[in-house]
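Below is one structure, written out as structure tokens; comments come after it.
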Amino acid sequence: MIAAKEHMTASEPSRSADDLRIFVFGLFFIFGGITSLNDVLIPKLKGLFSLSYAEVMLVQSAFFAAYFIVSLPAAAIVERIGYMRTATLGLLTTMVGCLLFVPASSSGIFAMFLLALFVLAAGITIVQVVANPLISMLGAPATAPSRLTFAQAFNSLGTTLFPYVGAIVILGSLTRIDASTLSGAALNAFRAAETKAIEHAYLGLAAALLIIAGAVWSRRKSLIETPVVPGNILKAFSLLLRPRFGFGSLCIFLYVGAEVAIGSMMVSYLTQPGVMGISAEAAGKHLIYYWGGAMVGRFIGAYFLRIFSPGKVLAFVAAMAIALLLFSAQLDGTTSGWLLLAVGLFNSIMFPTIFSLASQGLAERTAEGSGIICMAIVGGAVVPLITGHVADLSDLKIALIVPALCYAVIASFGWYARKSQ
């Protein structure tokens, strides 16, 4: 979804390029999938720890805060040790985060899960800082956009498949016992037992990440990297003074926040008697439509973006997202649920379109802008928290106004940006 500042120039034997591309496509698949797995983790933890919506949204806050904290240090690491070694470091950090779910499960303490999620997300951030510029370098510059689009498809595939499997593994064991009725040793034992499903899921991911890290490390010499003199990374913040880029960065913040907020509350929303009234596991499986819609929408959107102004297309899809949210909030039954799931279809082209519109005119500073946009993903830590707080004060349907307001700002940016295309 994002690109980091390219601190090195690189070339590779053409025979190695195809193999490296496969590795990078795999990275997109993995970090997309692990990120969306939070959506099925949230209802599990909410029930086990008797949390409010605002409290359980700390899952996303802990996760996406890593983007804000780790992005620029990750870019500095790339400067020092190169792309392949940094990718390996990121995968191993992600693996450590997965392993931390073991002591988190044993302790039965919610804060331990947040720590594990932050470490896991720090690793994913490092991998993402590497992945986009690396895929751009592995081939002819003229075909870089198509390679990146193809890589994004793997990201969407991960976000589509992981929640479905996670619903079976994690939510399939969702207890009917009310944790609030237990206390002391009984409560601790109950939580430790019920979080075993989470522990097993993330141990499986840790094993897979170790294998992939080893594969990437074994190919570290396939990419010949020539260090350049590091620049002052912090100067990138001056780009926020440019109205177009500043507005666009705000929209990335709001878009990621809205997308994550909706995905995070989806299971709870669909299980409501007034909506679909289905089990948590069944609702988790329905996430495939939300994230799968985003994958399908990218192919449809790519066609319309060639015909119409990107700014107008962005304004249209944002307006459609607002309409779906408002109608979902007003209606009941399965219609309400499917309308909310359909928002994923219109989320599809928002990130790349906002990115390209915001970066327009940056010229040689485009890579710096990518780093700032990477940090703006911290919206996924803030907007879900606000949404959860509103849900606690009212209900889940009223809380949909929060992502709707985010999309309203995005629609205005699309209309604003159309003028200078």
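Taken together, the values in this text are just the output of simple stated rules run on the coordinates, not laboratory data. Just so it is clear, the structure is predicted and the values come from calculations on it, not from any experiment. Methodologically, a virtual Cβ is constructed for each residue, glycine included, from the backbone with ideal geometry; neighbour enumeration extends over all protein chains shown.
Restricting things to Cα coordinates, could you compute the convex hull volume per residue of segment 233-347 in Å³? Numbers along the way, then the final one.
On the way: hull volume 14.7 nm³, N = 115.
Each residue corresponds to 127 Å³ of Cα convex hull volume.
With a 10 Å radius around each residue's Cβ, average the other Cβ atoms per peptide and rank 258-267, 92-101, 194-203, 330-339, highest first. Numbers along the way, then the final one.
Numbers: 258-267: 27.7, 92-101: 22.4, 194-203: 19.8, 330-339: 15.9.
For the peptides 258-267, 92-101, 194-203, 330-339, the packing ranking is 258-267, 92-101, 194-203, 330-339.
Cβ neighbours within 10 Å, averaged per peptide: list 389-396, 248-255, 69-76 in order, most packed at the top. Intermediate values should be presented prior to the final figure.
On the way: 389-396: 16.9, 248-255: 25.6, 69-76: 20.9.
Descending packing order for the listed peptides: 248-255, 69-76, 389-396.
Let me know the shape class of segment 8-420, please: from the alpha-carbon gyration tensor, a ≥ b ≥ c as square roots of the eigenvalues, rounded when a/c is under 1.5, otherwise prolate if a/b is greater than b/c, or oblate. Before the final figure, lay out each step's value.
Working: a/c = 1.85, a/b = 1.22, b/c = 1.51.
Since a/c reaches 1.5 but b/c is at least a/b, the shape of segment 8-420 is classed as oblate.
Greater than 21 Å separation of Cα atoms is the criterion. Which listed pairs, Lys235/Lys419; Lys46/Lys196; Lys312/Lys397, meet it? Numbers along the way, then the final one.
Details: Lys235/Lys419 28 Å; Lys46/Lys196 15 Å; Lys312/Lys397 28 Å.
Beyond 21 Å: Lys235/Lys419; Lys312/Lys397.
Applying a 10 Å radius around every beta-carbon, put 373-379, 308-314 in order of their mean neighbour count, most first. All intermediate terms of the calculation are to be shown ahead of the outcome.
Numbers: 373-379: 25.0, 308-314: 18.7.
Output ranking for 373-379, 308-314: 373-379, 308-314.
To the nearest 20 debye, what is the magnitude of the charge dipole of segment 8-420 about its Cα centre, counting +1 on the Cβ of each Lys and Arg and -1 on the Cβ of each Asp and Glu? Intermediate results must be reported in sequence, preceding the final value.
Working: 24 positive and 17 negative charges, 181 e Å.
Around 880 debye, computed over segment 8-420.
Once Rh is set to the Kirkwood radius over Cα pairs, what Stokes-Einstein translational diffusion coefficient, in µm²/s, holds for segment 349-421 at a temperature of 37 °C and a viscosity of 0.692 mPa s? Please report the intermediate quantities before stating the final value.
Details: Rh = 14.1 Å.
Value of D from the Cα-based Kirkwood radius: 233 µm²/s.
Tell me, what ³J(HN,Hα) does each residue in segment 96-106 have, in order and in whole Hz, if you take phi through Karplus 6.51 cos²θ - 1.76 cosθ + 1.60 with θ = phi - 60° and put x for Gly and Pro?
4, x, 5, 5, 5, 5, 5, x, 5, 5, 5
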